[in-house]
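Participant: Before I ask anything, let me first share the structure, which is written out below as C-alpha cells.
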Amino acid sequence: MPAGRLIAVLAALTVVSQFHRSSLGVIAPELVDALGLSPRGLGLAGGMFFVVLIVVQLPVGVMLDWIGPRRLVAGLTGIAVAGSLLTAAATDEASLILARAVVGLGCAAHFMTAVLMCSRWFSGARLGTALSRVFALSQLGNLLAGWPLAALAGLAGWRTAFVLAAFATAAAGAAFWLAIRHERPGSADAPPPVPEPLRAVLRGVGEVLRAPGLAPVIAIQTVAYAVVSTVLGLWAGPYLHDVHGLDGGERGLVLAAMTVAQVVGVLVVGPLDARFNTRKRVVLAGGALTLATLAALAAWPHPPTAVAIGLLVALCAVASYGVTIVAHGRSLFPDRLLGRGMTTLNLAQVVGASVMPVLTGAVAATLTADVPGAVPPEGAYRAMFGVIGACLAAGLALYARGPDAPPRPGGAGG
C-alpha cells in the first residue's frame, strides 16, 4: 500500500475521533442552556469520553494484538455512530453523559490503530515524521469542532450537527475497512501470522508494565495531551464567552485558529527528534513553553481579549510535542507487544484527559455562585489554568528524571 494512502485512511479515523473528543467546547454555552448543565455536569460530560477509554484501553490493546486493527475498528465504528446519534437525542445532563460514554467506547481504538499501523510501516527516524503527519491531519477534527460546528449549530441546530457527525464516522470506518488489507509491509506475499494464544497475549501485558523507562514516559503522557484537550476541547469556548463576551461564531474562529496553530506545531515538532537526535529534550522544551503560557493565563487578571486569544493560540502551538512522546514510548516495546504497549501509554493519556476536565470542573464549581444559571467568574478560569499548569509541571519533573530515547545511536543522552 502506498504510504500516502495509509496516512490518509488513518487520518480519517483520527479526524472523527478528535471531532468527538472536542465537540463540546464551542457549543458548550448552547448545551448549558438546552440541557440545564451545571459547570460540574459540563466537566463530567467532557471527561466521560475519556473515562470510558480508561476502562477499555487494556482490552483494546489485547484485541489489537489478538484479532488485528481491521476487525476491531470495524466493530467499534458502529458503536461510535450510535453514540453520536445519542448525543443528538440528549435531553438532559444524564443522557448527554451517557451518549459521551458510548462515543468514547466507539472511538477507543482509533488513535492506537494509527500508532500501530505507522509503527509497522515506518521505523526509526521516519516514525516521528509519519506520526506527525497523521496527527497533524487529525487536527482537522478539532478544526471541524470549532467554527464549522458553531456555524452549523447556528444554522441547523447542534442536534443536526451530531446526526451528520454520525454519518461522517460511518464513512471513515468504511474507508478504513476497504483500504486496509494488510497490517504490515510485505504481508500480502507472506503466510498470515499465527495468533498468540490468549494466555500468552495476557502475559504480554505484564512484560509491558516491566519495560525499562516506562514510568517517566507515563508521567508526561498522563498530562501532556490532557492540557490541550481540556483547554481546547472544553474550557476555551466557555472562557471566551463568559469572560470576553464572544458569540458562537467568534468563539468558533478562535478555536479554529487554535487548531491551526496545533497543526503547524505538530508538523514542526514531528521531525525535530530526528534532526537533533533526542526525544527527551524536544519534550522538555515544548513542556516548558506550554507551562509559561499557562502561567500567563493564570496570573494575568482580565487580560485584553486580543492578548487572551493570542495566549490560547500560542498554547496550542507550543503544546504539540505529544507526537514525540508517542515516538519515545514506541521505542520501549518490541513489535509483538506493540498493541499492548502503546495502549498502556494511551491509558495514561486518557486517565489524564478524563481526570483533568473533572478536576477543573470541580474548581469552577467551587468558585462559582451556587445559583441556577450562574457562570464561572474570571477568577475561576484563572484558577483552572493554574491547576492545569501545576499538573503539567509535575509530569515534566518526573519525565526529566528518565532516560532519553534518541532515534539513532549516539543521541543527546539523558
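Participant: Between ALA369 and ALA175, what FRET efficiency comes out of the Förster formula 1/(1 + (r/R0)^6) with R0 = 45 Å and r the beta carbon distance, rounded to 0.05?
Facilitator: So the FRET efficiency works out to roughly 0.40.
Participant: With a probe of 1.4 Å, find how much accessible area region 1-107 has per residue, and write the answer as a whole number in Å².
Facilitator: 32 Å²
Participant: Suppose we look only past 16 Å in the calculated P(r) of region 276-338. What percent of the Cα-Cα pairs does that tail hold?
Facilitator: Working: 1067 of 1953 pairs.
Every Cα pair in region 276-338 considered, those over 16 Å come to 55 percent.
Participant: For n ≥ 4 DSSP H runs only, could you compute -39500 (n - 2.57) per run for the chain, divide by its residues and tell me the 222 nm figure to the nearest 500?
Facilitator: -25000 deg cm²/dmol
Participant: So if R0 is 35 Å, what FRET efficiency would GLU207 and ASP33 give, r being the distance between their Cβ atoms, rounded to the nearest 0.05?
Facilitator: 0.10
Participant: Then there's this: How high is the FRET efficiency between SER95 and VAL55 when r is their beta carbon distance and R₀ equals 22 Å, given to the nearest 0.05?
Facilitator: 0.65
Participant: Going by alpha carbons, how many degrees (0 to 90, nearest 10) lie between the helix axis of 147-156 and the longest principal axis of the chain?
Facilitator: 60 degrees
Participant: Which whole-number percentage describes the relative contact order of the chain, with Cα contacts under 8 Å and a sequence gap of 6 or more?
Facilitator: The normalised contact order for the chain reaches 28 percent.
Participant: Give me a comma-separated list of calculated 3J(HN,Hα) values for region 285-292, in order, Karplus coefficients 6.51, -1.76, 1.60 applied at θ = phi - 60°, integers in Hz, x for any Gly or Pro.
Facilitator: Working through the residues one at a time gives 5, x, x, 5, 5, 5, 4, 5 Hz.
The values are calculated or read from the model by the stated rules, or taken from the named source; none is laboratory data. Bear in mind the structure is a predicted one, so any value in this text is a computation, not a measurement. Every residue, glycine among them, receives a Cβ derived from its backbone with ideal geometry; neighbour counts consider all protein chains shown. Calculation scope for accessible area: heavy atoms of the full protein, side chains included, ligands and nucleic acids excluded. Shrake-Rupley method; radii C 1.70, N 1.55, O 1.52, S 1.80 Å.
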